[in-house]
Amino acid sequence: MVRQFPDRFEVVALGAGSNAALLCEQIVEFGPRLVSIKDAQAASHLEDLLSAKRYDRLPEIYYGQEAHSRVASCPESDMLVSAMVGAAGLLPTLAAIEAGKDIALANKETLVAAGEIVTAAAASNNVKILPVDSEHSAIFQALQGNHRHTLDRVLLTASGGPFFNKSRKELETVSPEAALCHPNWSMGPKITIDSATLMNKGLEVIEAHWLFAVPLDRISVYIHPESVVHSMVEYIDGSVIAQMGVPDMRIPIAYALSYPERLPTSYPKLDLFRLQKLSFYPPDEEKFPCLRLAFNACRTGSTMPGVLNAANEVAVHAFLKKEIGFYDIPCVIDEVMACHNPGAKPDLETILKADTWAREEASKIIDARKSKR
């Protein structure tokens, strides 16, 4: 988007994980004043790479969690694109909200773990949270020009991932390599595994609950293998409005960055009349129990959604390392949730402590499972 509209957008700060090489390329191309990276080792590597390129406009380089929050609240920025993976995005996103930055939210875990706190902070700081996830962008677009009290249901679509047509027995032995082969979207490994288990859709249900203030019983999920209808809303008069497009994340990103305008992008357009069919199926919660666990966590509320998310992050990491099987992921999450006693109305510190506890508990459960293999 910045490459296509350099007269409209400028990157003033960048936060990264540990990919110093890619961050170096982005620094040279976009010239941010401030960057953050995972740790001291990555920061040192980044400095060496920039020195080797003889780049003479060196940004300020910081590392660690506080550094990400510093980048997120950079005084020169107008908007934060919050796109970190997992609960790590929570504190930087809150830092940006408290600094009065509008948020283009691609980090669903921020609202999953602390939806009430984040939405309240956004309201008190007069900050807009603009969804970047294709499903939530679709809902956001379908709500434009309509009164919220006329909304009846939110209909979230899911591709079904790579295992939609596989049996439960077949899924018991699938490999991480097979789970990473998403049929429609190109995403990072963690989100791709979440798509395979349908946990990604469960997290999106919780995000939609907070983002659009919709009761859980008015959110439905449907498998839509073509990934053309990105989500729908149904109104009290029976009208259903859908947002459609090719499965390309640049489209919802463009809308979030330019809202309330639309930009003339050069990306592929949907040829609706060449489609042979648009199909929709109810999800099989027996085959994909992570979706049910997410609904249960949202019903319980308090710290339970954050615990669900933290346990899932640890379990997915273990699956990618081939330490546990595909169906061990929901089993680990279920065990962690069963051990957790959520409080009434948690503050941020309580949510962060619950996150840490859930990760430790999930690791113990995984270690116990590994010893029995």
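Taken together, the values in this text are just the output of simple stated rules run on the coordinates, not laboratory data. All values reported here derive from a predicted model rather than from experimental measurement. Here the Cβ positions follow ideal geometry from the backbone for every residue, glycine too, while neighbour counts run over all protein chains shown.
Exposed loop sites here mean GluC sites (Glu not before Pro) with a DSSP loop assignment and at most 16 other beta-carbon atoms within 10 Å; the chain contains its longest site-free run at 77-171.
Looking at the chain alone, DSSP beta bridges between its own residues are antiparallel in about 35 percent of cases. The protection proxy used here, the mean number of other Cβ atoms lying within 10 Å of each residue, ranks peptides 192-200, 241-249, 87-95 as follows, highest first: 192-200, 87-95, 241-249. Charging the Cβ of each Asp and Glu at -1 and of each Lys and Arg at +1, and nothing else, the dipole of the chain about its Cα centre rounds to 580 debye.
In this structure, the amide hydrogen of MET249, modeled 1.01 Å from its nitrogen in the peptide plane, lies closer than 5 angstrom to no residue at least 5 positions away or on a different chain. Between ARG292, ARG168, ARG70, the Gaussian network model of the chain with springs among Cα atoms under 10 angstrom shows the greatest mean-square fluctuation at ARG168.
Annotation: amide H of GLU60 within the under-5 Å range of LEU34, VAL35, sequence separation 5 or more or interchain, hydrogens built in the peptide plane. Do any of LYS38/LYS370; LYS38/LYS364; LYS169/LYS277; LYS166/LYS201; LYS321/LYS364 go past 27 Å between their Cα atoms, and which? Distance filter (> 27 Å) returns LYS38/LYS370; LYS169/LYS277. Here the relative contact order of the chain, from alpha carbon pairs under 8 Å that lie six or more residues apart, stands at 14 percent. For LYS353, a cut-off of 14 angstrom between C-alpha atoms picks up these aspartates and glutamates, skipping any fewer than 8 places away in its own chain: GLU361.
Which distance in Å, rounded to a whole number, links the C-alpha centroids of segment 210-225 and segment 308-373? Cα centroid to Cα centroid, the span is 24 Å. FRET efficiency for the SER175 to LEU278 pair, using the beta carbon distance and R₀ = 25 Å, is estimated at 0.20. Where only DSSP H runs of four or more residues are counted, the chain gives -14000 deg cm²/dmol as its mean residue ellipticity at 222 nm, each run worth -39500 (n - 2.57).
As a footprinting exposure proxy, order ARG250, ARG57 by other Cβ within 10 Å, with the fewest listed first. Please list the in-between numbers first.
Working: ARG250 14, ARG57 10.
Starting with the residue having the fewest Cβ neighbours, the order is ARG57, ARG250.
Test of understanding: ordering SER73, SER36 by Cβ neighbours within 10 Å, fewest first, what list do you get? Before the final figure, lay out each step's value.
Working: SER73 19, SER36 28.
Taking fewest neighbouring Cβ atoms as first place, the list is SER73, SER36.
Within the listed set LEU49, LEU257, LEU155, the Gaussian network model of the chain (springs between alpha-carbon atoms below 10 Å) gives the highest mean-square fluctuation for LEU49. Sorting ILE191, ILE236 from the fewest to the most surrounding beta carbons within 10 angstrom yields ILE236, ILE191. Residues considered: HIS136, HIS149, HIS230. Largest GNM mean-square fluctuation over the chain, using C-alpha springs under 10 Å, is found at HIS149.
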